[in-house]
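Encoded as structure tokens, the structure appears first; notes follow it.
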Amino acid sequence: MVIKISPFFIQWLLTILILLLLTINIVPAWHNYQEKIALTSEITSESSLAEHYISRGGWPASKDNNSAIVHYQQYLIKTDKTDKTDKTDKRLPTQQ
Amino acid sequence: MSHDSMGKNTTVSMKRTLWRTIALLILFIILLINYRQLIQGQSLFSFIAAISSAKSDTSLSTGLLWDLVYFFVVLLVLHLIWAIIITLSCKPLFHLAANENIKTQYWLSVVLMHITLLLAANAYFYPTSLVGFLRATPFSEPYFLIGLSLLLMGLFLLGLYQLMTKMSFMLFCLSATVIVAGYLSSERTPHFIAINKQSPNVIIIGIDALRPDHLAYRGASNNLAPQLDHFLSQAIVYDKTYTPMGRTYVAWMSLLTGQYPKTHGARFNLAPPELVTKNMPLIRELNQRGYQTTYAMDERRFNHIDKTYGFNQIIGPQAGAADTIITNISDLPLINLLINTPISKTLFPYLYINRAYGKAYVPSHFNRDVLASLSMDRPNLLAVHFCMLHWPYTSKDFVTPDPVLWQGNYNHFLYQQLIKQVDNQFGQFINNLNQQGLLNDAIVFLISDHGDSFKLDKDLLQNERVEGKTSLAVSAWGHATNVIVQEQNEVVMAYSRFKKGKPVSEHVKIEGTFSLVDIMPTLFNELDLELSNDENFDGKILPLTNELVDRTRMVFVESSRPVNSINTSFIDEKKVLSETAATYEVRESGRAVMKPAIYFNLIEEKQRAVYFKAWQLAMLPNYDELVLVNTTNKQWHNLTNYQGDAPWQKMLSALCEHNRGDIGFDHLDKCNLVHQSIEN
């Protein structure tokens, strides 16, 4: 006995599957982006480890081990006031 | 294949499906690149603009263009193959479809399942990828990956079966099985059997930027590098060893020639090859003795040592200017998933075993390739350099945050975490060498090419006599940026003689003043080699006991060019490129090389120093005074104010003698102080 499924029903099933597949990808991507926005500071050198994890994707923690993200204020980066990031700054490394 | 009217429609539909798939995959790549840009906050185009804004009139060359075209063609072909696989996977479903709308929905579902599988697998295998946003979801779990893979593979095989005759399909499956089985069975561990038992293997292992004070032999108590500590605890360790110049290429050139940069001519990374002496006596002599000579390095952006320097073979990623561009744009799932397969060596020569593309770099794969390249019957000379400890500290895997190590210093925190990773790599490498019998009779040197400074409080130089501000910067970031920052110059150097897999030389820490240039004369002495008449070493034979140390020894160091954008706690690659790109030209070979005219100008800006016992005397082109540093108590002095008993006259005399005639040296005429002090 062959069960004949209505094309309309198949279309509905496939529509749901497509939406599901899109959701699977878009929601985590959006969530990741929101986290980046929430953790981004205006001055790079006053950011946190968590910001570097989100925006550079290299460090320091996974979300399974997320103390650096949840408690990101405990992992703030100290400012180096002698940073010379302006390329018009002609001082040499041996000059203050 | 069906030949009825329905079948003809299906054939037409398959072609259309292929084109639609290609279009959708291109859209997928564009979306991913844009997403990456959103997360990273800088676009690929701004990166390229930084290079082009440097007004470099020779920024494009045939070699560079070819490398980039090759990369993009490979990327395109891979996506085309992927599109064919997707299209074939749709074929069995199209046979079930009652109308075109359902076919389209089947197709879209299959494409999205493929994309999801790719993104999920990328997140699972490369969690630090910028497009690894599925990393914390159930979809990057193995059961989901295996289930979806089986489903999609089943659809593909079914589609293939419908396309081919039964016999062709069977042949395809058989061939695929044979290839996979052949690859798996080739993974055997060979064993070294020396034909010439008089010739030991010579192995020089370099760890980039490894600071001695982070290891147990210098009192570090946090056990960051147990494998390195274990090796050093059985070796002869040369305390107070300095790099002639704290840049990888220059340091290795000095080591391999036994000469200071002023002698061999490589004064900066990416020095013009025509201005560098490529004569490496050890490589030449060992080649003549039947050795296989190998140079291996897991990052070649700044170090272009290759076969033209005499080595039989080079292991590592391809060297060239395309490296910087390709490693910056490659974080895409399909590339990541292929990067650690054997075919990647051909497909992505700039990314394969390349530490600079840290998100996909697997240290054990580099080790495997190096070991597989070694001769199993001839003696080997192997010079291998591990670069994981160098900025930008990227890693394939996350590392557990350690609040104990966190002091608010981002670079130093990451540096300490990466020591653990490079320590594992080193430990595994030594074990594998031993397992393969390569340490049954071997001379092993462990070195670092330079240190690194992180402006740690404990590293700061002090001067009790200077009140208020001084114009002298006594701290800096990085390496070779400031010659008076001791942590940039001090390196690890240890020697161990192995017999039957075990170190036989008795452990001792030798106190003295040493340089990386000492390794070559030591090897020549031990291997009973001789230099040609017109050759000489700047280095000295290393003593094996403290009693044999030459207490009159002085060693010389110099800085690199001043680059403000790297002397900072947060290095922005765009700013570095913007500041430095105009300094380089890209040759026809595709390699970036410092422009010769600029090369000579930059030598004028070098800082130079000499070490003697606990003292360093530095001559800085932009500072009016000679600077004397006591490396034991971290005190620095302007020489004119100095009242102590440091033998500065002798040091200044040696510094002047060593650098005599060098471009821009002593423009303030400080060498005259030697004569004045003698007259007084």
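Just checking, which of B:SER52, B:SER56 is at pLDDT below 95, out of contact with any Phe, Trp or Tyr (no Cβ under 6 Å at 6 or more places or on another chain) and buried (at least 17 other Cβ atoms within 10 Å of the Cβ)? Full working, then the answer.
On the way: B:SER52 fails: buried (at least 17 other Cβ atoms within 10 Å of the Cβ).
Result of the check over B:SER52, B:SER56: B:SER56.
As an exercise: evaluate B:CYS387 against (1) under 23 Å from B:MET493 (Cβ atoms); (2) in contact with a His (Cβ under 7 Å, 6 or more places away or on another chain) and give the number of the one condition it does not meet.
(2)
Name every residue in the stretch B:104-154 that is touching a Cys at 6+ places or on another chain (Cβ under 8 Å) and either more than 9 Å from chain A (Cβ to nearest Cβ) or surrounded by fewer than 19 Cβ atoms within 10 Å (Cβ to Cβ) (or both), in order of residue number.
So in the stretch B:104-154, the residues touching a Cys at 6+ places or on another chain (Cβ under 8 Å) come out as B:106-107, B:110.
B:TRP107, B:VAL110 - these are the residues of the stretch B:104-154 that are touching a Cys at 6+ places or on another chain (Cβ under 8 Å) and either more than 9 Å from chain A (Cβ to nearest Cβ) or surrounded by fewer than 19 Cβ atoms within 10 Å (Cβ to Cβ) (or both).
Within the stretch A:21-40, how many residues are more than 9 Å from chain B (Cβ to nearest Cβ) and more than 17 Å from B:ASN34 (Cβ to Cβ)?
Residues flagged as more than 9 Å from chain B (Cβ to nearest Cβ) and more than 17 Å from B:ASN34 (Cβ to Cβ) within the stretch A:21-40 amount to 4.
Quick grid of which residues meet (1) over 29 Å from B:ILE115 (Cα atoms); (2) surrounded by fewer than 24 Cβ atoms within 10 Å (Cβ to Cβ):
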residue: B:HIS304; (1), (2): yes, yes
residue: B:ILE314; (1), (2): yes, yes
residue: B:THR324; (1), (2): no, yes
residue: B:ARG355; (1), (2): no, no
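Please indicate, with yes or no, whether at least one residue in the stretch B:257-265 is basic (Lys, Arg) and part of a loop (DSSP other than H, G, I, E, B). Lay out the reasoning, then the answer.
At the first step, the residues of the stretch B:257-265 found to be basic (Lys, Arg) are B:262.
Still in the list and also part of a loop (DSSP other than H, G, I, E, B): none.
No, the stretch B:257-265 has no match at all.
Out of all the residues in the stretch B:380-431, which are of a type in the set (Ser, Thr, Tyr) and either assigned to a loop (DSSP other than H, G, I, E, B) or closer than 27 Å to B:PRO503 by Cβ (or both)?
Let us first name the residues in the stretch B:380-431 that are of a type in the set (Ser, Thr, Tyr), namely B:393-395, B:400, B:410, B:415.
Those that are of a type in the set (Ser, Thr, Tyr) and either assigned to a loop (DSSP other than H, G, I, E, B) or closer than 27 Å to B:PRO503 by Cβ (or both): B:TYR393, B:THR394, B:SER395, B:THR400.
Would you mind telling me which numbered condition in (1) closer than 23 Å to A:ILE5 by Cβ; (2) over 40 Å from the mean Cα position of the chain (by Cα); (3) surrounded by 18 or more Cβ atoms within 10 Å (Cβ to Cβ) B:LEU96 fails?
Among (1) closer than 23 Å to A:ILE5 by Cβ; (2) over 40 Å from the mean Cα position of the chain (by Cα); (3) surrounded by 18 or more Cβ atoms within 10 Å (Cβ to Cβ), B:LEU96 violates only (3).
What are the residues in the stretch B:223-270 that are under 21 Å from B:ILE283 (Cβ atoms) and touching a Gly at 6+ places or on another chain (Cβ under 6 Å), if any?
B:GLY258
With a cut-off of at least 2 residues that are modelled with pLDDT of 90 or more and not assigned by TED's automatic domain parsing to the domain that holds B:LYS458, name the helices (runs of 4 or more DSSP H) lying wholly within the stretch B:594-680.
On the way: elements: B:596-603, B:648-659, B:672-679.
The helices (runs of 4 or more DSSP H) meeting that bar are B:596-603, B:648-659.
Do we find that B:ILE204 is of a type outside the set (Asp, Glu) and either over 30 Å from B:ASP449 (Cα atoms) or at pLDDT below 85 (or both) in this structure?
On the way: of a type outside the set (Asp, Glu): yes; either over 30 Å from B:ASP449 (Cα atoms) or at pLDDT below 85 (or both): no.
No; evaluated as a whole, the condition is false for this residue.
Per-residue answers, yes or no, for (1) modelled with pLDDT under 95; (2) of a type in the set (Lys, Arg):
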| position | (1), (2) |
| --- | --- |
| B:TYR495 | no, no |
| B:LYS500 | yes, yes |
| B:LEU516 | no, no |
| B:MET520 | no, no |
| B:PHE524 | no, no |
| B:GLU530 | yes, no |
| B:GLU535 | yes, no |
| B:PRO543 | no, no |
| B:ARG553 | no, yes |
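Looking only at residues in the stretch B:67-93 that are surrounded by fewer than 20 Cβ atoms within 10 Å (Cβ to Cβ) and of a type in the set (Phe, Trp, Tyr), which one is farthest from the other protein chains (Cβ to nearest Cβ)?
Let us first name the residues in the stretch B:67-93 that are surrounded by fewer than 20 Cβ atoms within 10 Å (Cβ to Cβ), namely B:68-70, B:72-82, B:84-85, B:92-93.
Add one more test, that the residue is of a type in the set (Phe, Trp, Tyr), and what stays is B:70, B:72, B:82.
Values: B:TYR70: 26, B:PHE72: 23, B:TRP82: 17 Å.
Of everything passing the filter in the stretch B:67-93, B:TYR70 is farthest from the other protein chains (Cβ to nearest Cβ).
From the residues in the stretch B:297-350 that are within 20 Å of B:PRO272 (Cα to Cα) and of a type in the set (Lys, Arg), which one is modelled with the highest pLDDT?
For the stretch B:297-350, the residue satisfying everything is B:LYS307.
Is one or more of the residues making up the stretch B:394-408 polar (S, T, N, Q), surrounded by fewer than 23 Cβ atoms within 10 Å (Cβ to Cβ), within 16 Å of the chain's Cα centre (by Cα) and away from chain A (no Cβ under 12 Å)? Give the steps one after another, and end with the answer.
To start, the set of residues in the stretch B:394-408 that are polar (S, T, N, Q) comprises B:394-395, B:400, B:407.
Checking which are surrounded by fewer than 23 Cβ atoms within 10 Å (Cβ to Cβ) leaves us with B:394-395, B:400, B:407.
Restricting the remaining residues to those that are within 16 Å of the chain's Cα centre (by Cα) gives B:394-395.
Within this subset, residues satisfying the condition of being away from chain A (no Cβ under 12 Å) are none.
Looking for residues that are polar (S, T, N, Q), surrounded by fewer than 23 Cβ atoms within 10 Å (Cβ to Cβ), within 16 Å of the chain's Cα centre (by Cα) and away from chain A (no Cβ under 12 Å), one finds none in the stretch B:394-408, hence no.
The values are calculated or read from the model by the stated rules, or taken from the named source; none is laboratory data. Bear in mind the structure is a predicted one, so any value in this text is a computation, not a measurement. Here the Cβ is made from the backbone with ideal geometry for all residues, glycine too, and neighbour counts use every protein chain on show.
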